[in-house]
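Reading through the structure tokens given below for one structure.
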Amino acid sequence: MSPLETLAQSVAVIAPTGAPVMTVPLVFALAGQGAAIAFLISTAGVLLVALNVNQFARMSASPGSLYAYITEHMHPRWGVLAGWALLIAYLGTAAAVSAGVTNYANVVLRDRLGVQAFPLLMTAAVTAIACYLAYRDVQISARLMLWLQAASVALISAIAIAVIAKHGWSPDMGQLTLQGVTPEKLRLGLVLAIFSSVGFESATSLGSEARNPLVSIPRAVKWSAILAGVFFFLCAYAEVLAFRGEARSLGQSPAPLHVLAQQIGLPPIIGTLTDLGAVVTFFSCFLACITAAARVLFLMGRHGALHSMLGEAHEENQTPHRAVLLSSVAAFLPAAIMTLRGMNLFDIYGLIGTLATFGFVTVYILVSAAAPLYLRSLGRLTPQAVVISVMAVVAMCAALLGNLYPVPEAPYSYLPYIYGALLLIGFTSSTVWSGRTPAFAPETL
């Protein structure tokens, strides 16, 4: 895979187009005019984690992503814990964004054709197509993700810049000085803003499938975090600016990009294109998530933490085919069950996405703590590396606490317990399955 295709893996899990249509309004509802600054601060925190991840990525290319790094340089049991946290994160994100695909696909179908698809059938179709692409050829998957994401991000960026130009190039001091924004509001907004960037590390799951992995993977990790952060800040700044004076606030708008397109005089079809962009980005995220989850399952199978069948690659395609199939089914089931129970698609997105956040933050804390241990083993530990590690751990712990306190209303208040139960079940099952502590050994596809 080329450097751009490697970058596409991380960008696809971030799902950048999903932020302006769903996350920015939610952050604004919490942080008000501090939405853009919340994205800026969250980008700094994510970048600190990226610097710790790259301490490993420059020296090791393994398909196990952060699971492999933590297993090798902390205790293997911590690695198994990280592996299950990653699986919950990737599979939870895939399940959440399948609801996003279904929702915006139906918006397009309703607006253009006056019809609606059954949500369950749409979710099944998304799963089947993504599973086939990941099963068949990861390079095909990456190329598809790259071009789809690039077109979507380019369109939204052009709209955002045009809105800013229409309102004048003078800085919006209300946003930049956090006018009317309390520290509590900004903290709550930061939690969701950080969720927008999770998955930036997923390029590390490709291992030697990437061309020149010790160079291309670290670059993908760093630049996906930076580029996504810049894009999120631009979108949040433009959306807050555009909705000032509107009858309906940004936090209440079901289609904020439609409003932006109308303000600059674009035809209605542009609003439809932004909805198609949301479909594209959520599908790409689903595809990238099962690709990353499959490679974690692959390495855990090789280590004995799961059935050894998962640690086998397809003879012709050289993809972890069984792990891809299992990942696809595991991502489909929670979304399907919640859809059958009649839950709103936005609720599915919010609930499962929040659950996935716990997994990402857990692993980010562990890998940031492992980085100094790794550098010390090489005799390359510096005070600067320790400071970066500590700052990253503090930032992610703050994000984790922000999800726990103040205690959210039900059913969100149940999510920490569900996450803890899933993590405990997974960790225990791996320990029982292997009958021993899984031993680390570098693996490649």
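The values are calculated or read from the model by the stated rules, or taken from the named source; none is laboratory data. This one's a predicted model, so the numbers in the text were calculated from it and none came from an experiment. Here the Cβ positions follow ideal geometry from the backbone for every residue, glycine too, while neighbour counts run over all protein chains shown. Ligands, DNA and RNA are excluded from the accessible area calculation, which covers all protein heavy atoms including side chains. Shrake-Rupley method; radii C 1.70, N 1.55, O 1.52, S 1.80 Å.
So the values come out like this:
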read-out	value
Carbon + sulfur, % of accessible area of the chain - ligands and nucleic acids excluded, 1.4 Å	68
Degrees, to the nearest 10: 321-340 long Cα axis against longest axis of the chain	40
Förster radius 25 Å - calculated FRET efficiency between THR382 and ALA44, Cβ distance, rounded to 0.05	0.80
Inter-centroid distance (Cα atoms) of the range 197-249 relative to the range 1-54, Å	4
Most mobile listed residue (TRP223, TRP84, TRP433) in the chain, GNM with C-alpha springs under 10 Å	TRP433
For the chain, built as a Gaussian network whose Cα springs stay under 10 Å, the top-fluctuating residue of LEU287, LEU297, LEU422	LEU422
Solvent exposure of the chain as accessible area per residue, Å², 1.4 Å probe	40
Euclidean distance between Cα centres, the range 278-321 to the range 334-372, Å	18
Separation of the ILE161 and VAL407 label points, Cα + 7 Å toward Cβ, nm	4.9
The range 213-355, relative contact order in percent, only Cα pairs under 8 angstrom and at least six apart counted	11
Over the chain, relative contact order from alpha-carbon pairs under 8 Å, at least 6 apart, %	36
Under DSSP loop assignment and at most 11 Cβ neighbours within 10 Å, longest GluC sites (Glu not before Pro)-free interval of the chain	1-314
Helix 268-303 vs. the chain, principal-axis angle (Cα, 0 to 90°, nearest 10)	10
On Cα atoms only, tilt of 35-57 relative to the major axis of the chain in degrees	20
Value of relative contact order over the range 124-273, rounded to a whole percent, pairs C-alpha under 8 Å and six or more apart	27
